[in-house]
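Laboratory data are not the source of any read-out in this text; all were calculated from the coordinates shown. Owing to the predicted nature of the structure, the values given are computational and were not obtained by experimental measurement. Positions of Cβ are backbone-derived with ideal geometry, glycine not excepted, and every protein chain shown enters the neighbour counts.
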Amino acid sequence: MDNTEYNNSIHRIGRIWTGVGLIILLSVPAAVCVYFGVLPSGTAILKGLLSVGIIYLPAGIIEAVTYSPILGPGATYLGFITGNLSNLRIPCTMNALEIGKVQSGTPEGDILSTISVATSSLISNIVLGIGVIALIPLTPIITSAILRPGFGNVLPALFGALGYMYISKNVKLAIAPAIFVSAFYLLVPFGIAKAASDLFVPVAAIITILAGRFLFKKTNWLNKKGSEV
Amino acid sequence: MQYFLAADFSGSANSLFMYILGIGIFLFICIISLRFLIHAYREGLARGMDKKTMNRVIRSSALFSLVPSAAILVGLVTMVGKLGAPLSWIRLSVIGAVHYELLAAQSAGVAAGLKDTFGVVDLNASTFASIAVVMTICILAGPIFNFFFLKRYMGRLSVVSQKDNRWGRILVSSMFIGMVVKFMCDTLLSMRESSIDSTAYFAKNGFSGYVPVLVMLVSLLSMFVCDRLSKKEKLKWLDGFSLPVSMILGMTAAVLIAQGGTV
């Protein structure tokens, strides 16, 4: 198979399996609705899209654009179905390219990336499967009243950790949204602040983007730090 | 088995049906991974690539994936109390990651009328379905982009890669930082709500409004410590576990505070 033939074949296979994957992914909530005999709440979906989709839908495209040159086509199609890209598949691919002493973007690099992401996907799938079997007997403990405060605080725990992860690398970017959001939450009447908080993800994102644009254009700081962002 | 008629939804969320869905996704991931693995391996052989190198990549990738996969498993534990085991398993087996899944679940649950601190026992069939829909669709942009545009994009890549994409990276970082800051500041709202009527807040959530702030700080500090430790050569393995370990420490702090009743 020459390069063009290989490229065509990997894109054909990738598209077929991505199509199948999309149908299977969507069939899970569809099956839940059919089995329980309910329709999802339109309001909940719309609000979910407004607060989460508004970030993750464009981010998904940007990730595909950013990661595909590193992964190559085969690993990109597969990795975007099996997930855990930045924390697992990308480092795994870098490791594979290092072992093979090949560059990403070459046919050999694409082949080793695909082998690496496929193996990694299989292993994490098996580990997760075994873990779920082990978890079944523990479910009553996990859902017990004693542990409820723990699970009731999953988001503060998550965003404390993520906060350090993201903000420690870009403190200046976080200043403007932190001042704006905390001032709004503490100074505006509570009822209004609580109601408006649902819509604050895009607001905080826009404020941070404006701050980022300002720092990028007007100061040297981000220009120097750009490669680390 | 009409699990969903029970007052507590945890039986339905952990029903046999949900596990069957999970097994279906498990098999699909195995099949698609093997399909790509076999295709790439055969192509490598046809191109005369060294078989030993390809086998080494397989062995190394398998070993390399064990620790981060265990970390994903720890992340699953943090989701089970909110969504039950099968849906958490399904979602972590496919595109997405624990922080995205929790965020999507939280947004859909709160939009459906649940309190911020909802658990699996608070769900009903409709909110469970809404959460499953939001978690699924909000992450599909990547695969949809690949389906329609990846071939064309890869074809033009040489031109695109020559452009300066620094602003693109800053844009993405800004979006994520904005989101993270917003959710960190949400703990201030809990504190404020509790200060207005602490008894009502406690009755609704089972803990005081100061707990989320403390949990966030414990988690942030744990992440800082993990980050510092993982920079040491012998503790590099800790890096993949930093997020779930910090979360679990934060959540443990919430349980201990609630048990102690000190706050």
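Counting helices only, and only those DSSP H runs with n ≥ 4, report the 222 nm mean residue ellipticity of the protein assembly as shown as the sum of -39,500 (n - 2.57) divided by its residues, in deg cm²/dmol to the nearest 500.
-26000 deg cm²/dmol
Which residue, chosen from B:Gly11, B:Leu150, B:Val211, occupies the Cα position most advanced towards the positive end of the dipole of chain B, where the dipole is computed from +1 (Lys, Arg) and -1 (Asp, Glu) charges on Cβ about the Cα centre?
B:Leu150
Take peptide B:112-124, look around each residue's Cβ out to 10 angstrom, count Cβ atoms belonging to other protein chains, and average those counts.
4
Hey, in the GNM for chain B with a 10 angstrom Cα cutoff, which one of B:Thr199, B:Thr127, B:Thr53 fluctuates hardest?
B:Thr53
Name the residue from B:Gly96, B:Val57, B:Leu243 whose Cα lies farthest towards the positive end of the charge dipole of chain B, charges +1 on Cβ of Lys and Arg and -1 on Cβ of Asp and Glu.
Of the options given, the answer is B:Val57.
On alpha-carbon atoms, Rg over Rh for the protein assembly as shown using Kirkwood Rh?
Radius of gyration over Kirkwood radius for the protein assembly as shown works out to 0.97.
Using each residue's phi in region B:90-105, evaluate 6.51 cos²θ - 1.76 cosθ + 1.60 at θ = phi - 60° and report the 3J(HN,Hα) Karplus result to the nearest Hz, with x for Gly and Pro.
Coupling constants for region B:90-105: 4, 5, 7, 7, 10, 3, x, 7, 4, 5, 5, 4, 5, 5, 5, 4 Hz.
For chain A, what's the relative contact order in percent, using C-alpha pairs closer than 8 Å and at least 6 residues apart?
Relative contact order of chain A: 18 percent.
Using unit Cβ charges (K, R positive; D, E negative) and no other charged atoms, how large, in debye to the nearest 20, is the dipole of the protein assembly as shown about its Cα centre?
1180
Let me have the relative contact order for region A:148-228, percent, based on Cα pairs under 8 Å that are six or more residues apart.
So the answer I get is 26 percent.
Filter chain A for me: DSSP H helices, axial length by Cα at least 27 angstrom, mean Kyte-Doolittle hydropathy not below 0.5. List them by residue number.
Span-like helices here: A:3-36, A:54-82, A:107-135.
Could you bin all the Cα-Cα distances of chain B into 10 Å bins starting at 0 and give me the percent of pairs in each, rounded to whole numbers?
The distribution over chain B is 6, 20, 30, 26, 12, 5, 1, 0, given as percents.
Spin-label point model (7 Å from Cα, Cβ direction): what's the B:Leu256 to A:Ile130 distance in nm?
Here the answer is 3.1 nm between the modelled labels.
Using only atoms on other chains, find how many Cβ atoms lie within 10 Å of each Cβ of peptide B:13-23 and report the average.
That works out to 3 on average.
Between helix B:125-137 and chain B, what is the angle of the helix's C-alpha long axis to the longest principal axis, kept within 0 to 90° and rounded to the nearest 10?
Orientation of helix B:125-137: about 40 degrees from the principal axis.
For chain B, with a Gaussian network of springs between Cα atoms less than 10 Å apart, report the residue from B:Val98, B:Val110, B:Val218 with the top mean-square fluctuation.
Result for chain B, Cα springs under 10 Å: B:Val110 fluctuates most.
Region A:148-228: D in µm²/s via Stokes-Einstein (Kirkwood Rh, Cα pairs, 4 °C, 1.567 mPa s)?
Translational D for this selection: 90 µm²/s.
Percent of alpha carbon pairs in region A:105-206 separated by more than 23 Å?
Tail fraction, whole percent: 61.
Among A:Thr4, B:Leu220, B:Ile32, which residue has its Cα positioned farthest towards the positive end of the charge dipole of the protein assembly as shown, with +1 placed on the Cβ of Lys and Arg, -1 on the Cβ of Asp and Glu, and the dipole taken about the Cα centre?
Highest projection toward the positive end goes to A:Thr4.
What does the convex hull of the Cα atoms come to per residue for chain A, in Å³?
Per-residue hull volume (Cα only) is 197 Å³.
How would A:Leu128, B:Leu235 line up from fewest to most surrounding beta-carbon atoms within 10 angstrom?
By the 10 Å Cβ count, ascending: B:Leu235, A:Leu128.
Could you work out how much longer the chain between B:Ile31 and B:Val225 gets when fully extended? Use 0.36 nm per residue separation minus the Cα distance between them, nm to one decimal.
Full-extension gain reported as 65.9 nm.
Alpha carbon centre of region A:112-131 versus region B:65-99: separation in Å?
A separation of 14 Å, based on Cα centres.
Which value results when the Cα radius of gyration for region A:1-110 is divided by 2.2 N^0.38 Å?
Taking the Cα Rg and dividing by 2.2 N^0.38 Å, one obtains 1.34.
Roughly how tilted is helix B:16-46, in degrees to the nearest 10 and between 0 and 90, from the longest Cα axis of chain B?
The helix B:16-46 is inclined about 20 degrees to chain B.
Mind checking which lysines have their C-alpha under 27 Å from B:Lys51, skipping anything on the same chain fewer than 8 residues away?
By straight Cα distance, B:Lys51 reaches A:Lys101.
Fully extended, how many nm does the chain gain between B:Asp8 and B:Ser198 (0.36 nm per residue separation, minus their Cα-Cα distance)?
65.7 nm
In what sequence do A:Leu162, B:Leu27 fall when counting other Cβ within 10 Å, fewest first?
Exposure proxy ranking, most exposed first: B:Leu27, A:Leu162.
Report the per residue volume, in Å³, of the convex hull enclosing the C-alpha atoms of region B:66-201.
Spread over its residues, the Cα hull of region B:66-201 gives 157 Å³ apiece.
Quick one: putting +1 on the C-beta of Lys and Arg, -1 on the C-beta of Asp and Glu, what dipole do you get for chain B around its Cα centre, in Debye to the nearest 20?
In total the dipole reaches around 1440 debye.
Which of B:Gly44, B:Gly206, B:Gly119 ends up with the largest GNM mean-square fluctuation for chain B, with Cα atoms connected below 10 Å?
The residue with the greatest mean-square fluctuation here is B:Gly44.
When the dipole is taken about the Cα centre of region A:148-228, and only Lys, Arg (+1) and Asp, Glu (-1) are charged at their Cβ, what size is it in debye, to the nearest 20?
Rounded to the nearest 20 debye, it is 320 debye.
Using Cα pairs closer than 8 Å and at least 6 residues apart in sequence, work out the relative contact order for chain B, in percent.
Across chain B, relative contact order equals 17 percent.
Beyond 17 Å, what share of the Cα-Cα pairs of region B:164-263 remains, rounded to the nearest whole percent?
Roughly 63 percent, rounded to a whole number.
Once the principal axes of the Cα atoms of region B:17-130 are found, what is the range along each, listed largest first in whole angstroms?
Largest to smallest, the principal-axis extents are 60, 25, 20 Å.
Mind scanning A:Lys169/A:Lys218; A:Lys169/A:Lys217; B:Lys82/B:Lys231; B:Lys115/B:Lys182; B:Lys182/B:Lys231 and naming the pairs with a C-alpha gap bigger than 22 Å?
Check vs 22 Å cut-off fails for B:Lys82/B:Lys231; B:Lys182/B:Lys231.
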